[in-house]
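Everything on this sheet refers to the single structure shown next.
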Amino acid sequence: MYLKGLSDSVAKTNTIMTPTHSETPATAIPSSTPALPLPNSRLVSLDVLRGVAVLGALFISVWIFGGFSNNQQNGLLLKSKGYDYRLFGTVDLLLNGKMRALISLVFGAGMVIYFFSHVKKDQSKAGDYFTRRYMWLMLLGLVNALVFLWTGDMLFHLGVMGILLFPFVRMSKKGLLIAALVTTLIYCGKFYWDFADDRKKYNKFLLVQAAEKKITEKAKKDSIDNIGRKDTSARVMKDSLGKDLKKDSLAVKKDTLTKEQKRDKGAWEGIVNQMKFDPKKDEGERKSVRKNSYGRLWNHFLPTLQSKEAQWTYQKGIWDFASMILLGMALFKMGFFSPGFSRRNYWLLALAGISLGLLLGWFRLHYNQITLQDYGKYIERHWVPYNFFFPLERAFTALGYAGFILVIIGSNALNRFWRGLAAAGQMALTNYLLQSIICTLVFTGFGLGNYGRFSQTLLYLTVLEISLVLVVFSVLWLRHYRYGPAEWLWRCLIYRRWLPNKLDAGGEASATATVIS
């Protein structure tokens with residue numbers, strides 16, 4: 001039976017627990033709502049996917065943690081050869097944005113599970129629990145950002161989306177699929193909007209260039225005319241100090257750019273300068289992060305944190321997360337994460353999703369290189385930005401990864417490996433916060449000060465070491481406790497009471513289980 005062997009093995013070996021009736025409301029769905037494929041215990045498939053996503057996301061997050069800057073990445077793309085270029089391209093193609101999409105996918109499924117697990121017990125309080133759950137998640141995200149200094153935090157955004165998308169939980173799977181498609185297209189449109197703004201700036205820059213050319217040509221013509229004049233009094237004037245002033249059209253008429261033209265020129269040159277690779281550009285940032293104390297680092301990161309948690313959230317973050325969360329809800333209601341889903345369909349989704357995702361990823365990286373080489377020429381020759389299809393790229397790839405992982409799990413291959421990832425996924429919140437703590441200590445001046453010191457290969461090896469430690473920690477912890485430390489605290493805050501966490505002496509789970517994903 002699909003996942004049964006793995007699920008039983010997980011429960012036996014790692015003692016992966018679910019809360020009892022005394023701890024949380026029982027799982028059930030009111031008769032007035034459509035039947036949903038809610039299992040009798042935790043969906044191991046969701047735990048595995050969550051574990052893969054959280055650990056895999058660190059391979060991209062470590063770029064920020066470790067000081068592998070956009071400037072360095074642009075340098076590799078401009079170079080377009082060598083080991084580091086190929087390594088960066090491979091990691092970017094396979095993981096960049098895809099793990100965040102996979103996290104959002106599972107998060108959406110978890111929203112449906114959580115809400116309907118509370119409806120039957122007390123429908124009047126289900127919405128209250130639901131809202132509290134994501135408000136506390138927002139607070140944990142702020143702690144992760146402002147205390148642990150992680151500028152790429154996702155918890156705050158997931159909490160925001162959990163509240164905003166609450167009305168969609170009861171929507172039909174067809175409606176959710178349409179909503180996911182619409183939000184994905186809007187997300188694509190956001191990239192086009194930015195590109196259209198750049199096009200306007202480039203066109204204004206061309207007008208400024210034409211004006212500068214006319215000014216230069218006029219200045220040369222006037223200078224030649226002045227030299228040809230024989231009237232010395234017209235060419236030389238005496239000021240009050242008796243100094244000679246050569247008459248020139250620019251000096252007399254002051255032919256120059258207006259303030260608006262200078263602003264238009266500076267706007268485009270600022271965009272181009274951000275794309276240029278400068279080997280010395282990151283030196284100041286590296287010194288600041290390596291040597292500063294915690295207090296100074298907090299002040300240093302605060303503007304970036306504010307921009308990420310506020311400006312980015314409402315410009316692109318809403319569409320980034322909403323598109324995949326809505327898709328996750330729809331997939332759950334279609335039975336995608338449950339035993340009844342066809343293995344053949346898993347294979348089709350895996351092959352089609354990964355193939356399309358990689359193709360769109362190649363398109364993005366290829367045209368990103370052309371953009372960096374000459375952005376003006378790219379704008380003249382292309383009507384869409386290089387990242388226009390990125391929302392589709394990550395959606396296809398994440399869906400393909402999910403299908404591939406679930407079909408492999410269903411074959412009962414590599415069970416020990418999946419058990420470890422399931423444990424890491426069950427403690428995903430704890431592990432995500434631990435990633436921030438560990439990386440802050442490893443890379444910043446508050447800890448070991450390795451920011452910008454590690455090569456790209458060493459960064460990924462560090463991620464593998466951290467992931468291994470977190471998997472082992474998760475497996476050992478769940479032998480003695482029902483939830484990870486952060487998950488337990490989160491539940492206590494949601495239900496406003498002290499919930500038991502430590503297992504009994506025999507390490508046996510309660511026979512009556514509920515689903516709280």
Amide H of Gly449: which non-local residues (sequence gap of 5 or more, or other chain) have their own amide H closer than 5 Å, using H built in the peptide plane? Phe443, Thr444
What ³J(HN,Hα) values, in whole Hz, does the Karplus curve 6.51 cos²θ - 1.76 cosθ + 1.60 give for the range 408-416 when θ = phi - 60°, with x put for Gly and Pro? 5, 4, x, 7, 6, 8, 6, 4, 5
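Could you work out the percent of alpha carbon pairs in the range 337-394 separated by over 14 Å, rounded to a whole number?
62 percent
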Collect residues whose amide H, placed 1.01 Å from N in the peptide plane, falls under 5 Å from the amide H of Tyr481; neighbours closer than 5 in sequence don't count. Leu503
Set of the range 73-90 residues, backbone N closer than 11 Å to the point 7 Å along the Cα-Cβ line of Lys280: none
Convert each backbone phi in the range 427-440 into a coupling constant with the Karplus relation 6.51 cos²θ - 1.76 cosθ + 1.60 (shift: θ = phi - 60°), then list the ³J(HN,Hα) values in order as whole Hz, x for Gly and Pro. 10, 4, 5, 4, 5, 5, 5, 5, 4, 5, 5, 5, 5, 4
Taking just the alpha carbons, could you work out the radius of gyration and Dmax for the range 248-344, both in angstroms? 25.2, 85
Within the range 262-288, find all residues whose amide N lies under 18 Å from a label point positioned 7 Å from the Cα of Asn203 along Cα-to-beta-carbon. 264-269
Computed accessible area, Lys201, all protein chains, 1.4 angstrom probe, square angstrom: 80 Å²
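Excluding Tyr481 itself, calculate the net charge of residues whose Cβ lies under 11 Å from the Cβ of Tyr481, where each Lys or Arg counts +1 and each Asp or Glu counts -1.
+2
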I need the trypsin sites (Lys or Arg not before Pro) found in the range 155-197, filtered to DSSP loop residues with at most 15 other beta carbons within 10 Å of theirs. Arg170
To check my understanding: the extent here is largest minus smallest coordinate of the Cα atoms along each principal axis. What are those three numbers for the range 419-497, in Å, largest first? 45, 28, 16
How large is the accessible surface per residue of the range 344-460, computed with a 1.4 Å probe and reported in Å² as a whole number? 42 Å²
Pop a pseudo-label 7 angstrom from the Cα along the beta-carbon direction at both Leu464 and Lys502 and give the gap in nm to one decimal. 3.8 nm
Percent of Cα-Cα distances greater than 18 Å, calculated over the range 67-195: 68 percent
With +1 on the Cβ of every Lys and Arg and -1 on the Cβ of every Asp and Glu, the dipole magnitude of the range 362-416 about its Cα centre, in debye rounded to the nearest 20, is 140 debye
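Highest mean first, how do 397-409, 86-98 rank when packing is the count of other Cβ atoms within 10 Å averaged over residues?
397-409, 86-98
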Among Leu349, Gly335, Trp298, the residue whose Cα sits farthest towards the positive end of the charge dipole of the range 279-364, when +1 is placed on the Cβ of each Lys and Arg and -1 on the Cβ of each Asp and Glu, is Trp298
Kirkwood hydrodynamic radius, computed over distinct alpha-carbon pairs, for the range 363-517: how many Å, to one decimal? 19.9 Å
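The values are calculated or read from the model by the stated rules, or taken from the named source; none is laboratory data. On a predicted model such as this, the values are computed, not experimentally measured, just so you know. FYI the Cβ positions are ideal-geometry reconstructions off the backbone, even for glycines, and counts take in every protein chain you see. Only protein heavy atoms, including side chains, enter the accessible area calculation; ligands, DNA and RNA are left aside. Shrake-Rupley method; radii C 1.70, N 1.55, O 1.52, S 1.80 Å.
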